[in-house]
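S.K.: Dropping the structure in here first, questions after.
FYI, it's all coordinate maths here, none of it is from the lab. Because the structure is predicted, anything quoted here is derived from the model rather than measured. Cβ coordinates were reconstructed from backbone atoms using ideal geometry, including for glycine residues, and neighbour counts include every protein chain displayed.
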Amino acid sequence: MKLNTVSARICGGGILCTILLLWAVGLVSPVTAAPTEEFAEASETVERLHQKLLEVMQQSDTLGYQARFNQLAPVISSLFDTPLIVKVILSRYWKKLTALQKSNFIEMFNQLSIATYASRFNDYNDEQFREVSKEVLKKGRLLIKTELLRVKKEPIKLNYLMHQKDGNWLIISVIANGVNDLSLKRAEYAAVIRAKGFDGLVAEIERKIEQMENSNE
Amino acid sequence: MNNISLKHKIISLILIFSFGLLGGCSTAPSKEDYAGAPDRLELANRGFFNFNEALDKHLLKPISKTYAEFTPQLVRTSITNFFDNIAYLNVILNSFLQGKIDQGLSDSVRLLFNSTIGIGGLFDVATPMGLPEHNEDFGQTLAVWGINRGSYLYLPVLGPNTIRNTPDLASSTLLNPLTYVTGAIFFPLLAINIINLRADLLDETSIRDEAAVDLYSFTREAYLQRREFLIYDGNPPLIDYEAMFEDELEDDSVLIIE
């Protein structure tokens, strides 16, 4: 149920009321968690991604698409928890796949992520990344809020949902100006699977990767 | 049919349509009020989506591209400023309706400064003076008041919407001074506004076309999330995507039980 509806019923609605309610049920932490050693490592993960993105943007005059792809590949492959990401995206379809289909899909999705970053971060206009705050979530997950600062343009809010796997902090979701890549893909992939089946989806994603390669040549 | 009566007919249609849909809003909790909710009107929505996409591909996009190519950025910014400013009464009213008194006052001064010193809104002099532009509309106000979202609605020509958002079509039309000018001025301005708006979105749509494997679902999901972002003024609750990971954990436990 919508929080606004709940708040409307309990105390007549309004943003203040909604916030009070959220606070009362513990969903909004009144104090942002103090940055401990542990969370510094999580920040480092995001900083490594941002640093690499800045590097390829700044060298965009000399680096072609393939060179950007090659530079980004090791960073993205090691900083994102792709197996968990695809499991969440494919949701109930995931269990119907064979082990081989699963591992192939994880690999293809990783390629898609790298290709998307390589294709989109293709020029540099004095952009900067800045960490804004951290928020501790349920089950030891962490949300790191950052901004991509642009000259004469509104900053883009980039929020990273993180979790710990084998002692490393990994990114499990990126939310750009409120739009969460994970639910976007979940909705899209479900629609494609319904219309064309799982093989159809694989073909579509392969086509996307190829398109990005070709349009950036 | 002359321009004036045609304009009146179009506006009346928008008003009747949006008030009619408001009747469909209810405060009862609905299953459609969470992200990933079923798309009850999918068949009709997809039909109109395909219609709009075709209209865009063959008419609007090519015109906007040419417009963007030949219009200096400074002129384009001024045109965007002008139309944002003239539509700003709707923002002010909704700031107040949501109880954001300070924001409403700052928005009022913003409108005053940009309309006068900013020469009819062509120049945004208010932002550097510490009076930033806000994004409010009646759909956001209804959300703050606790009205449920209702079904996702893809409208011909107008594009993505929700039932809760349709009364805003009326309020933004009624509060826009352009609604009351003669058709001979109204239609050319409307055309410029649409072409300029579309040109401003060329980058966004090219990113969408590059990224999406299903354009319709991508547009729907991105629109619904973007609305949440605006309703909560940039800080929507995390519950929805936290829930996605919870689902996974639950699924795993089901598997173990099996």
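S.K.: If you count, for every residue in B:42-49, the Cβ atoms of partner chains within 10 Å of its Cβ, what is the mean? It would help to have the intermediate numbers written out before the result.
M.R.: On the way: counts 1, 0, 0, 0, 1, 0, 0, 0.
Going residue by residue through B:42-49 and averaging, the value is 0.
S.K.: Starting from the 7 Å offset along Cα-to-Cβ, what nm value, one decimal, do you get for the label separation of B:ASN50 and A:ARG207?
M.R.: Each label point is offset 7 Å from its Cα along the Cβ direction, giving 1.6 nm.
S.K.: Collect residues whose amide H, placed 1.01 Å from N in the peptide plane, falls under 5 Å from the amide H of A:PHE80; neighbours closer than 5 in sequence don't count.
M.R.: A:ILE171
S.K.: Where in the stretch A:144-182 are there trypsin sites (Lys or Arg not before Pro) that are in a DSSP coil and have at most 16 other Cβ atoms within 10 angstrom of their Cβ?
M.R.: Values: sites: A:LYS145, A:ARG150, A:LYS152, A:LYS153, A:LYS157, A:LYS165; in loops: A:LYS152.
Filter output for the stretch A:144-182: A:LYS152.
S.K.: In what sequence do B:LEU155, A:LEU49, B:LEU238 fall when counting other Cβ within 10 Å, fewest first? Could you put the intermediate results ahead of the total?
M.R.: Values: B:LEU155 17, A:LEU49 23, B:LEU238 20.
So the ranking, lowest neighbour count to highest, is B:LEU155, B:LEU238, A:LEU49.
S.K.: For the stretch A:136-217, run through the chymotrypsin sites (Phe, Trp or Tyr not before Pro) and keep only the ones in DSSP coil with at most 16 other Cβ atoms within 10 Å of their Cβ.
M.R.: Details: sites: A:TYR160, A:TRP169, A:TYR189, A:PHE198; in loops: none.
Listed in order of number, the matching sites amount to none.
S.K.: Using the Karplus equation 6.51 cos²θ - 1.76 cosθ + 1.60 (θ = phi - 60°), what ³J(HN,Hα) coupling, rounded to whole Hz, does each residue of the stretch B:224-236 give in order, writing x for Gly and Pro?
M.R.: 4, 5, 4, 5, 4, 4, 6, 4, 8, 6, x, 10, x
S.K.: To continue, here is another question. May I ask you to derive the FRET efficiency for A:ALA99 and A:ARG194 from their Cβ-Cβ distance with R0 = 25 Å, giving the value to the nearest 0.05? All intermediate terms of the calculation are to be shown ahead of the outcome.
M.R.: Numbers: r = 24 Å, r/R0 = 0.95.
In this case the efficiency is close to 0.60.
S.K.: Can I ask one more? Show the residues, 5+ positions off or on another chain, whose built amide H is closer than 5 Å to the amide H of B:LEU153.
M.R.: B:ASN161, B:THR162, B:ILE163
S.K.: Still on this structure, please answer the following. When Cβ neighbours within 10 Å are restricted to other protein chains, what is their mean count per residue of peptide B:139-146?
M.R.: The per-residue average across the peptide is 4.
S.K.: Looking at the stretch A:56-152, which chymotrypsin sites (Phe, Trp or Tyr not before Pro) are in a loop (DSSP not H, G, I, E or B) and have at most 15 other Cβ atoms within 10 Å?
M.R.: Sites meeting the loop and neighbour criteria: A:TYR124.
S.K.: Just tell me how shielded B:231-239 is by partners: mean number of partner chain Cβ atoms within 10 Å of each residue's Cβ, no decimals.
M.R.: Mean inter-chain Cβ contacts per residue within 10 Å come to 5.
S.K.: Right, something else. Rank the residues B:LYS100, A:LYS95 as a footprinting-exposure proxy: fewest other Cβ atoms within 10 Å of their Cβ go first.
M.R.: Numbers: B:LYS100 18, A:LYS95 12.
Arranged by neighbour count, lowest to highest, B:LYS100, A:LYS95 become A:LYS95, B:LYS100.
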